[in-house]
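The values are calculated or read from the model by the stated rules, or taken from the named source; none is laboratory data. This is a predicted model, so every value here is computed, not measured. Cβ atoms come from the backbone with ideal geometry, glycine included; neighbour counts cover every protein chain shown. With ligands, DNA and RNA removed, areas are computed over all heavy atoms of the protein, side chains included. Shrake-Rupley method; radii C 1.70, N 1.55, O 1.52, S 1.80 Å.
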Amino acid sequence: ETDGPVRAAVKTAVLDGSDWSEPVTVVEGDDLFINYADFPAVAALPDGTLATSWSRMSGDSYYAYDTVISLSHDGGVTWSAGTVPHQDRSERQHGFLSMVSDGSGGITTMWLDGQNYDTVDTQGGAEDDGDAMQLRATTLSSDGALSEEILLDERTCTCCQTSAVALDDGTILLAYRDRTKDEIRDISLVRQVDGTWSKPIEVSGDGWEISGCPVNGPAIDAHGSQVALVWFTAADDIPAVRMAFSDDRGVSFGEARGIDLGAPFGGVDVVQLSDGSALFSWVEQTAAGETVLVCRATPTEGCGTPASLTLVRAGRTIGFPRMVASGGDVWIAWNETLQNTGGGNSG
């Protein structure tokens, strides 16, 4: 939440039954990094510890910022000063972080790390193998202690969101947009099983060649052994939102299917439901304006008729909607400019 042209705050609220708590300030200041695509994330541990991530500027360049994780041990009433999970302290980009409970009292955190990426304009192309964004991970305990940092992929897309999920057997799946030397930026997956990370596995197979970052990451979710994955692509200059299911804990995925209506921006998310179906969301352009669409899909029948949740008639203001399951409900949040809306309320 901004306060004037410079100062801003990161705030949280907790849903208790049907009521939201009053917003609590995690951090505020004039050095917070604010970006429409790289935004705070939250996670919860089995012992009740809550975590939220946020970013602060580390230098004069727009892309010089660190990710910080704050912890709360009292249900979100108070928050710690914060821990920087990455070891690199150079004035480069460290962001697009995902957090999940590691099943043993800590939080596994994964992010895009620019310590080897010297190009000022992170939208541009790397000149050689040593000049690329990396994917890294570490574990943060409930008392704020960090484990050894691990390099997961030495060459990734520069500014697409990462997405992670922890399965009921402790397996962690992390989906992200990869990057080859030939500028193919498709979706890849890494799996952590019994504490060991796999090598990157390419899963989308789109063959999207693009020389700049599309700022459009994938989303992944799971329930039991069932996993759902969704992503945006514009391979062959055809924008599309595609989804795929896995019934073996992300080891392999079935056939990818398109679910959009023909003019998607992306901004995807997914919730895997207990009955084997999944709820997908994305942002699409229509003749009347920008809309948030959702559809329920199964591995065998694909996506049903998408439903529109809201319509904004001017500009790209919705951003990247986010969903989460809570009991039998699914909550979805998005940005909306009320004076330009054609229906619905701010999420």
**Fill in**
So the carbon and sulfur contribution to the accessible area of the chain, 1.4 Å probe, in percent, is 48 percent
**Request:** Determine the dipole magnitude for the stretch 208-347: charges of +1 sit on the beta-carbon of Lys and Arg, -1 on that of Asp and Glu, nothing else is charged, the reference point is the Cα centre, and the result goes in debye to the nearest 20.
**Result:** 300 debye
**Prompt:** Going toward the positive end of the dipole of the chain, with +1 on Lys and Arg Cβ and -1 on Asp and Glu Cβ, which of T109, G258, A235 do you reach last?
**Reply:** G258
**Message:** Within 10 Å of each candidate Cβ there may be at most 14 other Cβ atoms; applying that plus a DSSP loop requirement, which GluC sites (Glu not before Pro) in the stretch 182-231 survive?
**Reply:** E183
**Prompt:** Got the relative contact order for the stretch 1-63 handy, in percent, Cα pairs under 8 Å and 6 or more residues apart?
**Reply:** 24 percent
**Asked** If you rank D74, D66, D19 by how much accessible surface each has, with a 1.4 Å probe, what is the order from largest down?
**Response** D19, D74, D66
**Request:** Give me the accessible area per residue for the chain, probe 1.4 Å, as a whole number in Å².
**Result:** 45 Å²
**Prompt:** Could you give the dipole magnitude of the chain about its Cα centre, charging the beta-carbon of Lys and Arg +1 and that of Asp and Glu -1, in debye to the nearest 20?
**Reply:** 600 debye
**Item:** Segment T317-T2, length gained on full extension (0.36 nm per residue, minus Cα span)
**Value:** 111.8 nm
**Request:** List the residues of the stretch 209-244 whose backbone N lies under 19 Å from a point placed 7 Å from the Cα of A44 along the Cα-to-Cβ direction.
**Result:** 221-224
**Message:** Let me cross-check T337: its accessible surface, 1.4 Å probe, with only protein heavy atoms counted, in Å² to the nearest 10?
**Reply:** 40 Å²
**Top of A64, A145, A263 by mean-square fluctuation, Gaussian network on the chain, Cα under 10 Å** = A145
**For the chain: relative contact order, % (alpha-carbon pairs under 8 angstrom, 6 or more apart)** = 8 percent
**Qualifying trypsin sites (Lys or Arg not before Pro) for the stretch 161-232 [loop in DSSP, other Cβ within 10 Å: at most 15]** = K181
**Request:** Could you tell me which of rounded, prolate or oblate describes the stretch 1-155, using a ≥ b ≥ c as the square roots of the eigenvalues of the alpha-carbon gyration tensor, with rounded for a/c under 1.5 and, failing that, prolate when a/b is larger than b/c and oblate otherwise?
**Result:** oblate
**Request:** Name the most mobile residue of G207, G276, G327, meaning the one with the largest mean-square fluctuation, in a Gaussian network model of the chain with Cα contacts below 10 Å.
**Result:** G327
